[in-house]
1. Are any residues in the stretch 2-18 in contact (Cβ under 8 Å) with a residue 12 or more places away in the chain and either open to solvent by 40 Å² or more (accessible area, probe 1.4 Å) or touching a strand residue (DSSP E or B) at 6+ places or on another chain (Cβ under 6 Å) (or both), and if so, which ones?
2. In the set F144, F161, which member is within 18 Å of V29 (Cβ to Cβ), under 16 Å from the mean Cα position of the chain (by Cα) and either outside any loop (DSSP other than H, G, I, E, B) or of a type in the set (G, A, S) (or both)?
3. Within the stretch 60-115, track down each residue that is of a type in the set (A, V, I, L, M), touching a residue at least 60 places away in the same chain (Cβ under 8 Å) and farther than 17 Å from A206 by Cβ.
4. Looking at (1) touching a Gly at 6+ places or on another chain (Cβ under 7 Å); (2) farther than 19 Å from S135 by Cβ, which one does S77 not meet, given that it meets all the others?
5. Run down R169, R221 and say which single residue is open to solvent by 30 Å² or more (accessible area, probe 1.4 Å) and not in a loop (DSSP other than H, G, I, E, B).
6. Quick one: K179 ticks every box in (1) touching a residue at least 40 places away in the same chain (Cβ under 8 Å); (2) touching an Asp or Glu at 6+ places or on another chain (Cβ under 7 Å) bar one, so which box is it?
7. Filtering the stretch 177-211 down to residues that are buried (at least 19 other Cβ atoms within 10 Å of the Cβ), of a type in the set (F, W, Y) and closer than 14 Å to I93 by Cα, which residue is farthest from the chain's Cα centre (by Cα)?
8. Any idea which residue in the stretch 24-39 is farthest from F78 (Cα to Cα), counting only those that are crowded, with 19+ Cβ neighbours inside 10 Å and out of contact with any Lys or Arg (no Cβ under 7 Å at 6 or more places or on another chain)?
Amino acid sequence: MEVRIGESWRKRLEGEFEKPYFQELTKFVEEEYASGVVYPDSKNIFRAFELAPFEEVKVVILGQDPYHGPNQAIGLSFAVEEGITLPPSLRNIYKEIESDTGKKPLASGDLSRWAAQGVLLLNATLTVRAASPGSHHGKGWEEFTDAVIRVLSEEREHLVFILWGNYARTKGAHIDRTKHLVIESAHPSPFSARNGFFGSRPFSVANTYLFEKGKSAIEWR
């Protein structure tokens, strides 16, 4: 598994790449790609880090694992390829953006436009076997992404971490809440969106915080 990750991230995470768990994870992922269909495309496994260098991150939106259907996962949490029908969770995210900000999001589900502004769209698990959600859980990705969250928390200040759903909230244990804003609510999935996601206004809350800390707001469209 080629770790395509920019120098700003590499110098902070290189210690993780040398640990036994990451060596075992690399072997597992390579075998999975060699033996069947795995998402995202291998060149996009670390795309979130490529598009949002360490020093430029302002917001982290944490997902669980990549979409497990064809032509969807692009290495950015909740995002799908250009021209693909929006999955239900992303559709609800767009509804909340419009309700929260008064602006209708662009039709495209490719959220690289957010990443370019410093939004790290991070999945807890960076790969998944086709048609098998959760198939790469417990293989080492969670330890790696915990390290990502930890180094952001320790070395940066005034970031916004958006945690939707109980799974994402467990990752919040690695965030220093005296230095950063943590926004938590129900997951945007149709099964839970009406239990606290709709009306939570995470996008305007994030932008207000960034503005107060002297940072430019995110254009969520």
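1. Across the stretch 2-18, the qualifying residues are E2, R4, R12.
2. F144
3. Of everything in the stretch 60-115, those that are of a type in the set (A, V, I, L, M), touching a residue at least 60 places away in the same chain (Cβ under 8 Å) and farther than 17 Å from A206 by Cβ turn out to be L90, L106.
4. (2)
5. So the residue among R169, R221 that is open to solvent by 30 Å² or more (accessible area, probe 1.4 Å) and not in a loop (DSSP other than H, G, I, E, B) is R169.
6. The number of the failed condition is (1).
7. For the stretch 177-211, the residue satisfying everything is F197.
8. Among those that are crowded, with 19+ Cβ neighbours inside 10 Å and out of contact with any Lys or Arg (no Cβ under 7 Å at 6 or more places or on another chain), it is V29.
The values are calculated or read from the model by the stated rules, or taken from the named source; none is laboratory data. All values derive from a computational prediction rather than experimental measurement. Note that each Cβ is placed from the backbone with ideal geometry, even for glycine, and that neighbours are counted across all protein chains shown. For the accessible areas, the whole protein counts, side chains as well, though only heavy atoms, and no ligand, DNA or RNA atoms are used. Shrake-Rupley method; radii C 1.70, N 1.55, O 1.52, S 1.80 Å.
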